[in-house]
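Enquirer: The structure that follows is given in the form of structure tokens.
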Amino acid sequence: MNDDSTTDLVERYLAAVSRRLPEAIRADVTDELRGTIADMRDAHGDDPAATREVLLELGDPAVLARSYDTRPRHLIGPAVFDDFVGVLRATLVTVLPIVLVAMTVVQVGIEGESLPLGLLHAALDTFTVGLHIVFWTGLAFALVERYGDEQRAPATDEQEPWSPDLLPPVPPQRQIGVSELVWGLVVVAVSIAWLPWQHVRGVVDDADGDPVPLVDPALWDSWIPAFIVIMLAGGVLEVVKYRVGRWTLPLVLVNAALNAVLAAFVVVVMTVVGVENPDFAPAMLADDNVWEPRVVGTVVLATILALCAWDVVASVRQHLLLRRDAAATPAAGRGRTSAPA
Amino acid sequence: MSDDDEVLGGHVQEIRRGSVVLACLAVLRTPQYGYALLSTLDEAGFPVDANTLYPLLRRLEKQGLLSSEWNTDESRPRKFYVVSPLGERLRDEMAQEWADLGARIESVLRGGTP
């Protein structure tokens, strides 16, 4: 009755189950299963299709093996999943834009590529950085999931059992988060660092091969230091903003004042004093580049003014939202927040 | 309608889930091998799938509620399971819990309060 093809089918089934079992129980489970299949087949009588029916009854070998072996079959489990997503999101959201902007500046400003090509290169670099972030973060959390268990296991004796006293106070509703702080500081750092940097690596070189800075070096005696002071004040404001966490009225006023000072400063320097290095345009033209200082200057000026204005408008809007919430929930900070956004 | 049946089936399965363990611990007062246990349980009104029962037996053995022994006297070697002393004690406690639960369900179904 045990013709070759049915025996073959059973052995193939057993092999499919056993290779998925942990070594320690493999032989034992396989022997027991072999006996069981034989018993079940006998119960079906002389039916030649019995083997198929029995195996169908036992079901998918992978599923059967899994019910013997209950080790976790995931890299990152529910206990750390939320942290994983949180860290991943925070890292990607803060790092990738910085990389994209920085690499674009490097490719276009320093390597001298055209804007579309520079953007493409920068995007590819950003993608690679993103892959690295996802991989290493995932690996770190997978290791925590695998080997960090002892510390979170609820049943260990030395660990204090959870009680309501352990609940942290309700954090004040944040309007200004880490990403805003990082962005603000990066903008400050880049705009200050660029000023000396252009003396080292310029967009164009002069006849001797030395870089020609875009900003008039004569401005270093007073205007550039003043600009740096304004930007540093902006950096301090970013930190204070983050510490306060909300757009309170004093913050809105100081922020508006600083933006006004920066806007006025930039207008005066760019239109009255003149910012462009007199040697720059000739060097640019000698290098076969098209250079329209007036157009570029106008675009830069308009962008800076628009950013200043937008910053003030956005802060006022946030402040109004804060006031509305305070009015809606008299016991602010007691728990519920009604703001949907 | 078939949706309702599906919902009902799921809940009935939830209710039955724990009963198989208790039935196993009751039936295995006398040693039995897997397939014989499957038939005994089936006749007693506890239809279980083979692919559920075998992993369950192994789990109970690992927890120390069952002990097992290979019998190679017959032509087909078989693994016999029997309730351990620990298994007997826990079975009696589970049986008590089962009876209490039945009484409590009965009581709330009749609309009374315990």
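The values are calculated or read from the model by the stated rules, or taken from the named source; none is laboratory data. Being a predicted model, the structure only gives us computed values, none of them experimental. Here the Cβ positions follow ideal geometry from the backbone for every residue, glycine too, while neighbour counts run over all protein chains shown. Side chains are part of the model used for accessible areas, which takes the heavy atoms of the whole protein and leaves out ligands, DNA and RNA. Shrake-Rupley method; radii C 1.70, N 1.55, O 1.52, S 1.80 Å.
Enquirer: For the range A:78-85, check the following and say yes or no: at least one residue is of a type in the set (D, E, K, R), within 14 Å of chain B (Cβ to nearest Cβ) and either in contact with an Asp or Glu (Cβ under 9 Å, 6 or more places away or on another chain) or more than 30 Å from A:L120 (Cα to Cα) (or both). Spell out how you get there, then give the answer.
Expert: Narrowing the range A:78-85 to residues of a type in the set (D, E, K, R): A:82-83.
Restricting the remaining residues to those that are within 14 Å of chain B (Cβ to nearest Cβ) gives none.
No - not one qualifying residue is present in the range A:78-85.
Enquirer: For residues in the range B:69-112 being assigned to a helix (DSSP H, G or I) and over 24 Å from B:A26 (Cα atoms), which is least open to solvent (accessible area, probe 1.4 Å)?
Expert: Of everything passing the filter in the range B:69-112, B:S107 is least open to solvent (accessible area, probe 1.4 Å).
Enquirer: Looking at the structure I just gave you, is A:L120 open to solvent by 50 Å² or more (accessible area, probe 1.4 Å), closer than 30 Å to A:A16 by Cα and either part of a helix (DSSP H, G or I) or in the same structural domain as A:P211 (by TED's automatic domain parsing) (or both)?
Expert: Taking the combined requirement at face value, the residue does not satisfy it.
Enquirer: Can you run down the residue pairs with Cβ atoms below 7 Å, 6 or more apart or on separate chains, where the first is in the range A:123-152 and surrounded by 12 or more Cβ atoms within 10 Å (Cβ to Cβ) and the partner is modelled with pLDDT of 90 or more and of a type in the set (K, R)?
Expert: No pair meets every condition.
Enquirer: Oh, and also: Among the residues of the range A:202-219, write down those that are surrounded by 14 or more Cβ atoms within 10 Å (Cβ to Cβ) and either out of contact with any His (no Cβ under 7 Å at 6 or more places or on another chain) or not in a loop (DSSP other than H, G, I, E, B) (or both).
Expert: Selection gives A:G202, A:V203, A:V204, A:D205, A:D206, A:P211, A:V212, A:L214, A:V215, A:D216, A:P217, A:L219.
Enquirer: I'd like the full set of residues that are open to solvent by less than 40 Å² (accessible area, probe 1.4 Å) and free of Cβ contacts under 8 Å to residues at least 12 places away in the same chain, limited to the range A:23-35.
Expert: Step one: of the range A:23-35, the residues open to solvent by less than 40 Å² (accessible area, probe 1.4 Å) are A:29-30, A:32-33, A:35.
Listed by number, the residues that qualify are A:E32, A:G35.
Enquirer: Specify which of the listed residues (A:R71, A:R41) is more than 24 Å from A:V186 (Cβ to Cβ), within 14 Å of chain B (Cβ to nearest Cβ) and open to solvent by 80 Å² or more (accessible area, probe 1.4 Å). Let's see the steps before the verdict.
Expert: Numbers: A:R41 fails: open to solvent by 80 Å² or more (accessible area, probe 1.4 Å).
Answer to the selection: A:R71.
Conditions tested, residue by residue: (1) modelled with pLDDT of 90 or more; (2) more than 24 Å from A:V63 (Cα to Cα).
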site	(1), (2)
B:V27	yes, yes
B:Q63	yes, no
B:S84	yes, yes
B:D92	yes, yes
B:T113	no, yes
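Enquirer: Which of the numbered conditions does B:L37 fail, given that it passes all the others? Conditions: (1) among the hydrophobic types (A, V, I, L, M, F, W, C); (2) closer than 22 Å to A:G59 by Cα; (3) more than 13 Å from chain A (Cβ to nearest Cβ).
Expert: Unmet condition: (3).
Enquirer: Quick check on A:A16: is it in contact (Cβ under 8 Å) with a residue 12 or more places away in the chain, surrounded by 13 or more Cβ atoms within 10 Å (Cβ to Cβ), among the small types (G, A, S) and out of contact with any His (no Cβ under 9 Å at 6 or more places or on another chain)?
Expert: yes
Enquirer: Okay, next question. Looking for whichever is at pLDDT 80 or above, more than 18 Å from A:K241 (Cα to Cα) and open to solvent by 60 Å² or more (accessible area, probe 1.4 Å) here; the options are A:R317, A:R336, A:R324. Which one fits?
Expert: A:R324
Enquirer: Next question. Give me a count of the residues in the range A:44-60 that are more than 7 Å from chain B (Cβ to nearest Cβ) and open to solvent by less than 60 Å² (accessible area, probe 1.4 Å).
Expert: Of the residues in the range A:44-60, 6 are more than 7 Å from chain B (Cβ to nearest Cβ) and open to solvent by less than 60 Å² (accessible area, probe 1.4 Å).
Enquirer: What are the residues in the range B:1-55 that are of a type in the set (S, T, N, Q) and touching a strand residue (DSSP E or B) at 6+ places or on another chain (Cβ under 8 Å), if any? I'd like the intermediate steps shown before the answer.
Expert: To start, the set of residues in the range B:1-55 that are of a type in the set (S, T, N, Q) comprises B:2, B:13, B:19, B:30, B:32, B:39-40, B:51-52.
Hits for the range B:1-55 are B:T30, B:Q32, B:T40.
Enquirer: Quick one: how many residues across the range B:59-68 are of a type outside the set (S, T, N, Q) and in a strand (DSSP E or B)?
Expert: 1
Enquirer: Are there any pairs, at least 6 apart or on different chains, whose C-beta atoms fall under 8 Å, with the first in the range B:51-70 and over 17 Å from A:I37 (Cβ atoms) and more than 9 Å from chain A (Cβ to nearest Cβ) and the second open to solvent by 40 Å² or more (accessible area, probe 1.4 Å) and in a loop (DSSP other than H, G, I, E, B), and if so, which?
Expert: Within 8 Å, the pairs are B:E69/B:P31.
Enquirer: Would you say A:R89 is at pLDDT 85 or above, assigned to a helix (DSSP H, G or I) and out of contact with any Asp or Glu (no Cβ under 9 Å at 6 or more places or on another chain)?
Expert: yes
Enquirer: Go through the range A:203-233 and give me each residue that's at pLDDT below 90 and β-branched (V, I, T).
Expert: Correct list: A:V203, A:V204, A:V212, A:V215, A:I224.
Enquirer: Out of all the residues in the range B:6-25, which are surrounded by 15 or more Cβ atoms within 10 Å (Cβ to Cβ) and away from chain A (no Cβ under 14 Å)?
Expert: Just the residues of the range B:6-25 that are surrounded by 15 or more Cβ atoms within 10 Å (Cβ to Cβ), to begin with: B:20-25.
B:V21, B:L22, B:A23, B:C24, B:L25 - these are the residues of the range B:6-25 that are surrounded by 15 or more Cβ atoms within 10 Å (Cβ to Cβ) and away from chain A (no Cβ under 14 Å).
Enquirer: Among the listed residues A:V63, A:V10, identify the single one that is β-branched (V, I, T) and at the interface with chain B (Cβ under 10 Å from one of its Cβ atoms).
Expert: Only one candidate passes the filter, namely A:V63.
Enquirer: So, A:S5, is that one within 22 Å of B:Y81 (Cβ to Cβ), away from chain B (no Cβ under 11 Å) and among the polar types (S, T, N, Q) or not?
Expert: Taking the combined requirement at face value, the residue does not satisfy it.
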